[in-house]
1. Among the residues of region 70-97, which ones are touching a residue at least 40 places away in the same chain (Cβ under 8 Å), part of a strand (DSSP E or B) and under 19 Å from A32 (Cα atoms)?
2. Just checking, how many residues over region 8-23 are aliphatic (A, V, I, L, M), open to solvent by less than 50 Å² (accessible area, probe 1.4 Å) and part of a loop (DSSP other than H, G, I, E, B)?
3. Can you say whether E119 is open to solvent by 40 Å² or more (accessible area, probe 1.4 Å), in contact with a Gly (Cβ under 8 Å, 6 or more places away or on another chain) and among the acidic types (D, E), as far as the supplied structure shows?
Amino acid sequence: SGKALIFDGIKNYVNCGSNPALDLPGSLTLSAWVRNDSDDGGQSQIIWRGDKRGAMDPYSLNIDNYKMEFRVDAGTGRDAFKVRSMQKIDNNWHLWAGVYDKPNGKLHLYKDGKLENTEPIDKEIQYDTSTCWNMIGAADEGNWQHFKGLIDDARVYDRPLTDDQIQQ
């Protein structure tokens, strides 16, 4: 304990670089322990992959309008597929996981190991994602959508985790 990253909602972020292992245009899972300390309702990033091109952000786990959201920008990048939490996010610690199950055409969002919501996704990513980079706590190059709170154990998996795997 005591090892979570603290984000001030203004300028703190982690740039994870453009690692080819994180270039996942197919099935994937994002997960992180999150404690939100913001009350402004704006969009803030937990885990984000993208570049400077508008709307071509292959995947993100973020808070938008007080709800957790897992998002995949598919098609040519202009088709945003989202699955959102049912309730507004609170300021307690929660394990959030977003799953893109490409073979079954589904996005799943989990909260504390329990399935929160599911939405269909009927397009694949059809644009080059190899030059994108990953961020924790902000978007782009740390210029906006800053997260305020704590993030711990942020992970990116190259496969859709199962219910049992998420519950472990």
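1. Within region 70-97, F70, V72, H94, L95, W96, A97 meet the criteria.
2. Of the residues in region 8-23, 0 are aliphatic (A, V, I, L, M), open to solvent by less than 50 Å² (accessible area, probe 1.4 Å) and part of a loop (DSSP other than H, G, I, E, B).
3. Taking the combined requirement at face value, the residue does not satisfy it.
The values are calculated or read from the model by the stated rules, or taken from the named source; none is laboratory data. Note that the structure is predicted; figures quoted are calculated from it, not measured. Neighbour counts run over all protein chains shown; Cβ positions are idealised from the backbone, glycine included. Heads up: the accessible areas ignore ligands, DNA and RNA and are worked out on the full protein's heavy atoms, side chains in. Shrake-Rupley method; radii C 1.70, N 1.55, O 1.52, S 1.80 Å.
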